[in-house]
Amino acid sequence: MTATVIPLSSNRPALLGDGDPPPFEIVNPEGRARAVLFCDHASWAVPAALDCLGLDESRLRLHVGWDIGAGDVTRRVAALIDAPAVLAGYSRLVIDCNRPLDSPASILRVSDEVEIPGNRGVDDQAARARADACFRPYHDAVDDMIARVARRAGPPAVISMHSFTPMLDGFERPWHVGILWDRDSRLAAPLIELLAADPAICVGDNEPYSGRVPMPCSIPHHAVARNLPHVTVEIRQDLIDTHHGAEAWANVMAAALIEVLAGQAPGS
């Protein structure tokens, strides 16, 4: 598994300092599969200039700060299916890479009843600085990778990786994995069928969230607008919050994705 950390250039965004991580990470950039994975909520990192958004680091490591386990699974799946992957470098509390920039959910003041002190009073200039530093470079990297794979192998499948909490509002979510989709079932339908064939796996069809319109911004921008086959995968966090769990579920997802991708016609 090859991870490429993109160094910050001399014209790096002002918000990011020399000690800050890059806005995105590329895994397995030379992967030969006709697919691109991306993970919007792979990291809980916050630029040093934002002083942890006024939160304890332990709070950022909880689900409010990122999708627990999603980045780990994405890296492993990318290696197993030999596809490139792009992972966002900063916490969704800095700016949510899966929400439109004009959405009230782009920079949350409160997340899951947790107040975010560093997000109070963020004006337009500060919001633009976060977008320029963390949001746009990541999405540009996803666009570039899709174009790169398309030039090499033809239009790729686009796979968005997420994770979800085991419980919400007192409801214990029964699903192990959710497959989210809307009108394009090219990946979703066979993936649901394959996963559901295992009686030990509870598969959510547009559960615990819906992939129906209106969708968050990443899949519409990167896949729907290009008519690329696409799917969003959600895995329950208590199953992948350790490296052993992430490895096990990466093996499950990779086996299913390899079979589904093999069934995609070259021109589809």
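I'd like the antiparallel share, as a percent to the nearest 5, of DSSP beta bridges with both residues in the chain.
45
Which of His222, His230, His162 ends up with the largest GNM mean-square fluctuation for the chain, with Cα atoms connected below 10 Å?
Among His222, His230, His162, the largest mean-square fluctuation in the Gaussian network model of the chain belongs to His222.
Using θ = phi - 60° and the Karplus form 6.51 cos²θ - 1.76 cosθ + 1.60, what ³J(HN,Hα) does each residue of the range 34-41 get, whole Hz, x for Gly and Pro?
8, 7, 9, 9, 9, 9, 5, 10
Over all distinct Cα pairs, what is the inverse of the mean 1/r for the chain, reported as the Kirkwood hydrodynamic radius in Å?
18.7
Apply the Karplus parameterisation 6.51 cos²θ - 1.76 cosθ + 1.60, with θ equal to phi minus 60°, to every residue of the range 82-96 and state each ³J(HN,Hα) to the nearest whole Hz, in sequence, with x for glycine and proline.
Values per residue, Gly and Pro as x: 6, 10, x, 9, 10, 10, 5, x, 9, 4, 5, 6, 6, 6, 7 Hz.
Taking only Cα atoms, what is the 0 to 90° angle, nearest 10, from helix 243-262's long axis to the longest principal axis of the chain?
The helix 243-262 is inclined about 50 degrees to the chain.
Angle between the Cα long axis of helix 70-81 and the longest principal axis of the chain, 0 to 90 degrees, nearest 10?
Orientation of helix 70-81: about 40 degrees from the principal axis.
Identify the trypsin sites (Lys or Arg not before Pro) of the range 34-63 meeting these criteria: DSSP loop state and at most 14 other C-beta atoms within 10 Å of the C-beta.
For trypsin sites (Lys or Arg not before Pro) across the range 34-63 that sit outside H, G, I, E and B with at most 14 neighbouring Cβ atoms in 10 Å, the list reads Arg61.
Most fluctuating residue of Leu257, Leu194, Leu93 in a GNM of the chain with Cα springs under 10 Å: which is it?
Leu194
Taking the chain as a Gaussian network, where each spring joins two C-alpha atoms under 10 Å apart, which residue of Ser111, Ser58, Ser160 fluctuates the most?
Highest fluctuation among the options: Ser58.
Suppose a student asked you for the relative contact order of the chain, using Cα pairs under 8 Å spaced at least 6 residues apart; what percent would you report?
Computed value for the chain: 22 percent relative contact order.
If each residue of separation counts as 0.36 nm, what is the full-extension length gain between Glu30 and Ala105 once their alpha-carbon separation is subtracted?
Here the answer is 23.6 nm.
Please give the helix 136-153 orientation as an angle from the longest Cα principal axis of the chain, in degrees from 0 to 90, rounded to the nearest 10.
30
Would you calculate a helix-derived [θ] at 222 nm for the chain, using -39,500 (n - 2.57) for each DSSP H run of n ≥ 4 and dividing by the full residue count, to the nearest 500?
So the calculated ellipticity at 222 nm is -8500 deg cm²/dmol.
Computed FRET efficiency, Cβ-Cβ of Asp143 and Phe171, R0 30 Å: what is it to the nearest 0.05?
Result of the calculation: an efficiency of 0.25.
Out of the range 168-262, which trypsin sites (Lys or Arg not before Pro) are coil in DSSP terms and have no more than 13 other C-beta atoms within 10 Å?
Those satisfying the criteria are Arg183, Arg212.
Put a dot 7 Å past each Cα toward the Cβ at Glu115 and Asp18; how far apart are the dots in nm?
If labels sit at Asp18 and Glu115, their model points lie 3.7 nm apart.
Any read-out appearing in this document is the output of simple, stated calculations on the displayed coordinates, not a laboratory observation. Values in this document were obtained by computation on a predicted structure and should not be read as measured data. FYI the Cβ positions are ideal-geometry reconstructions off the backbone, even for glycines, and counts take in every protein chain you see.
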